[in-house]
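Novice: Sending over a structure as structure tokens; questions will come in a sec.
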Amino acid sequence: MMSVLQKMTIKDKLILIIMLACITGLILAGTAFIVWERNTSRDNLVKVLSTRTAILAENCKSSLAFQDAKDAEDVLKALYVDSSLMSGTIFDDKNERFAAYYRDSSVIKVTPAEFKKETRTLTKDFLLVSSPIILDNAIIGTICLQSDLNFLHESLKRGVQIMAIVTFLSLLAVFFVSSWLQTVISKPILSLAKVAKNVSEKKDYSARALKHGSDEVGLLIDSFNEMLEQIQHRDLELVNAKEMLEERVEERTSELTSANEQLTKEIDVRKKTEGQLRRAEENYRTQFEGAMDAIFVADAETGILTDCNPAATRLVGREKAELIGQHQRILHPPKSREGEYSKSFKAHLAEQQGQTLEDEIVTKTGQVKDVAIKASLIEVRGRRFLQGIFRDITENKKAEAVQNQLLEQLASANQELKDFAYVVSHDLKAPLRGIKTIADWISTDYADKLNDDGKEQLKLLANRVDRMHNLIDGILQYSRIGRIEEEKVQVDLNKLVLEIIDMLAPPENITITIEKELPSIEGEQTRLMQVFQNLLSNAVKYMNKPKGTIKVGCVEENDFWKFNVTDNGPGIEEKYFEKIFKIFQTLAPRDEFESTGIGLTVVKKIIELYKGKIWVESKPGEGTTFFFTLPKQKIGAEKNEEPLQTGVTG
């Protein structure tokens with residue numbers, strides 16, 4: 001009900017309140033009138049019936065005195081003229097029925113409650129009045145009249161009907177009058193609300209609400225207008241203050257610089273304080289009983305265990321009752337009880353700070369386990385306790401031993417790979433350089449002695465040597481990805497791509513454009529250059545259109561940059577989408593297009609090393625788009641040993 005009232009307009013609320021008040025008053029007044037009318041009618045009925053009973057008693061004296069029952073019945077028959085009278089009965093002095101009149105056979109025959117006395121009995125269905133018949137001061141009989149209450153019921157019904165009609169007509173009148181009168185209150189309030197809404201939406205503080213009277217609503221409007229005037233005045237003051245502030249900016253520059261330096265120092269101090277508070281909060285957040293790690297609490301002065309959690313009992317294989325009250329040395333093997341562990345705890349008590357150390361712990365069965373312990377000093381109600389969080393690292397120690405062994409094997413394998421790279425770089429390239437030199441020498445010195453076929457063979461030999469040289473370089477670069485790290489710098493990809501385009505020097509019929517400004521990424525410049533160089537050189541190399549277009553673009557995609565290199569070249573069939581990223585795989589004959597089949601493999605490995613991904617979308621005859629993603633945060637490979645080389649194309 002209240003929610004409905006809250007949603008109603010003030011106009012409807014006022015009309016509703018007035019109508020409810022009026023209808024409540026009408027109902028109460030009408031009910032009081034009906035009750036009064038009913039009681040008055042009932043009293044009148046009793047008086048009338050009592051008078052009639054007294055009259056009949058006088059008329060029946062002689063008939064009763066002479067025992068003339070027929071004459072008495074004739075007197076009673078005169079009662080039929082009153083349709084409300086149900087019966088009339090005369091009793092003799094022996095209380096025997098002497099004469100009677102009944103309106104019809106359905107009338108219930110009743111007797112007075114007390115004979116020879118004047119009585120009045122009112123029930124919900126009838127009124128019974130009895131009166132004694134007195135002759136010469138002696139009671140010779142009793143007369144009893146019974147009347148129905150139809151008159152009272154009809155009177156009550158008419159009263160209710162009249163009240164309903166009056167109430168309805170009154171409500172109509174009240175509705176029209178209240179609809180007219182409510183405007184005295186609602187009109188100024190609605191006008192005020194309209195002005196307030198206009199001020200809120202348009203920020204026009206020069207608007208004013210029109211005052212309609214000097215009552216409380218008028219006072220409210222005056223206060224609202226005064227508030228608007230103050231706000232408008234403050235706005236003007238703000239504008240003036242802004243102008244004055246701009247004039248003083250130059251004067252305050254040095255002061256602000258000094259203040260900024262001081263603020264920076266305060267921020268640093270605050271950050272340190274917040275860090276300390278976070279660490280303190282972490283200690284307080286320790287969920288003792290539900291912790292997965294074992295927690296032991298001991299008195300800081302005596303070393304006696306005072307509490308432990310379920311994980312602690314599982315760690316040492318003892319019940320809590322077996323641990324509480326024992327010295328903390330029960331947790332450690334005899335060799336550790338006065339060793340490094342005790343020293344660390346004593347140092348902790350002296351310095352009052354938490355520390356993590358590794359030690360051994362012994363179970364109830366005598367099994368020794370490796371544990372990592374983080375100790376912290378806490379104070380409860382002025383008493384200091386030492387809380388130790390124990391984590392079973394037995395399996396970690398075993399895994400660490402295995403890991404160290406694997407790392408030694410990996411280091412040995414990496415050394416062998418480095419040695420292999422050295423052999424490839426020097427021992428394999430040296431014969432190639434010799435072959436290339438001899439071929440060039442023969443082509444130059446014996447050019448006049450060689451026929452066309454011989455010259456073609458020497459040219460083919462030189463191409464094979466170049467292909468072998470590129471293949472060796474590609475294998476070396478592929479093997480170095482993930483092992484070799486160069487300095488990470490902020491790389492402007494717009495500048496990088498332009499440098500690559502200049503280096504590639506594409507033919508005049510091929511246009512390479514950057515669709516949107518590319519971001520700057522912190523990473524290894526050589527690797528990023530390899531990615532774009534391989535993709536752009538492939539697009540130039542395989543272009544088969546008279547007017548080739550190559551586009552480089554980038555969009556943001558959540559926490560990544562999504563790059564694309566698009567060309568209108570020959571395209572790639574979908575069945576080769578995975579094959580082109582495998583090492584030594586090419587789609588065109590090597591004699592037609594010089595390729596090692598390593599370039600895209602290197603690109604894929606670099607992208608995945610940076611936690612990104614690369615894929616291709618293409619339609620044969622329409623062109624190809626290579627998509628790849630790089631994270632927005634810093635990118636770089638694991639620790640490596642040598643710088644990368646550029647120049648591999650696929």
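The values are calculated or read from the model by the stated rules, or taken from the named source; none is laboratory data. From a predicted model like this one, the values you see are computed outputs, not experimental measurements. Every residue, glycine as well, gets a Cβ built from its backbone with ideal geometry; the counts of neighbours run over all protein chains shown.
Novice: Can you pull out every residue in the range 50-76 that is loosely packed, with under 15 Cβ neighbours inside 10 Å and not in a helix (DSSP H, G or I)?
Specialist: F66, Q67
Novice: What are the residue pairs meeting all of these: first residue in the range 614-625, first residue under 18 Å from V531 (Cβ atoms), second residue aromatic (F, W, Y) and at pLDDT below 90, Cβ atoms under 7 Å, and 6 or more apart or on different chains?
Specialist: Matching pairs, first to second residue: V616/F577.
Novice: Output the residues belonging to the range 503-535 that are farther than 19 Å from I607 by Cβ and among the charged types (D, E, K, R).
Specialist: Filtering the range 503-535 for residues farther than 19 Å from I607 by Cβ gives 503-517.
If the condition is that a residue be farther than 19 Å from I607 by Cβ and among the charged types (D, E, K, R), then E508, E515, K516, E517 are the ones that fit.
Quick grid of which residues meet (1) on the phi > 0 side of the Ramachandran plot; (2) modelled with pLDDT of 85 or more; (3) not hydroxyl-bearing (S, T, Y):
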{"site": "I55", "(1), (2), (3)": "no, yes, yes"}
{"site": "D74", "(1), (2), (3)": "no, no, yes"}
{"site": "L79", "(1), (2), (3)": "no, no, yes"}
{"site": "S83", "(1), (2), (3)": "no, no, no"}
{"site": "F91", "(1), (2), (3)": "no, yes, yes"}
{"site": "V110", "(1), (2), (3)": "no, no, yes"}
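Novice: Take the residues in the range 286-321 that are of a type in the set (S, T, Y) and part of a loop (DSSP other than H, G, I, E, B); name whichever of them is surrounded by the fewest Cβ atoms within 10 Å (Cβ to Cβ).
Specialist: First pass over the range 286-321, keeping only residues of a type in the set (S, T, Y): 286, 302, 306, 313.
Still in the running and part of a loop (DSSP other than H, G, I, E, B): 286, 302.
Values: T286: 15, T302: 10.
Checking each candidate, the answer is T302.
Novice: Search the range 486-513 for residues being aliphatic (A, V, I, L, M) and surrounded by fewer than 16 Cβ atoms within 10 Å (Cβ to Cβ), and hand back the single one that is farthest from N544 (Cα to Cα). Don't jump to the end; show me each part of the working.
Specialist: The initial filter retains those residues of the range 486-513 that are aliphatic (A, V, I, L, M), namely 489, 491, 493, 496-498, 500-501, 503-505, 510, 512.
Then drop every residue that is not surrounded by fewer than 16 Cβ atoms within 10 Å (Cβ to Cβ), which leaves 489, 498, 503, 505.
Working: V489: 37, L498: 23, M503: 21, A505: 17 Å.
That would be V489.
Novice: Inspect all residues belonging to the range 589-598 and state whether any of them is at pLDDT below 90 and among the aliphatic types (A, V, I, L, M). Give the steps one after another, and end with the answer.
Specialist: We begin by selecting, within the range 589-598, every residue at pLDDT below 90; these are 589-598.
Add one more test, that the residue is among the aliphatic types (A, V, I, L, M), and what stays is 598.
Within the range 589-598, one or more residues are at pLDDT below 90 and among the aliphatic types (A, V, I, L, M).
Novice: If you don't mind, another one. Could you look through the range 531-553, keep only residues that are under 44 Å from the mean Cα position of the chain (by Cα) and surrounded by fewer than 19 Cβ atoms within 10 Å (Cβ to Cβ), and pick out the one that is farthest from G623 (Cα to Cα)?
Specialist: Among those that are under 44 Å from the mean Cα position of the chain (by Cα) and surrounded by fewer than 19 Cβ atoms within 10 Å (Cβ to Cβ), it is G553.
Novice: Somewhere in the range 27-34, is a residue more than 30 Å from K157 (Cα to Cα), surrounded by 13 or more Cβ atoms within 10 Å (Cβ to Cβ) and either modelled with pLDDT under 80 or not hydrophobic (A, V, I, L, M, F, W, C) (or both)?
Specialist: Quick first cut of the range 27-34, residues more than 30 Å from K157 (Cα to Cα) only: none.
No, there is no match, as no residue in the range 27-34 is more than 30 Å from K157 (Cα to Cα), surrounded by 13 or more Cβ atoms within 10 Å (Cβ to Cβ) and either modelled with pLDDT under 80 or not hydrophobic (A, V, I, L, M, F, W, C) (or both).
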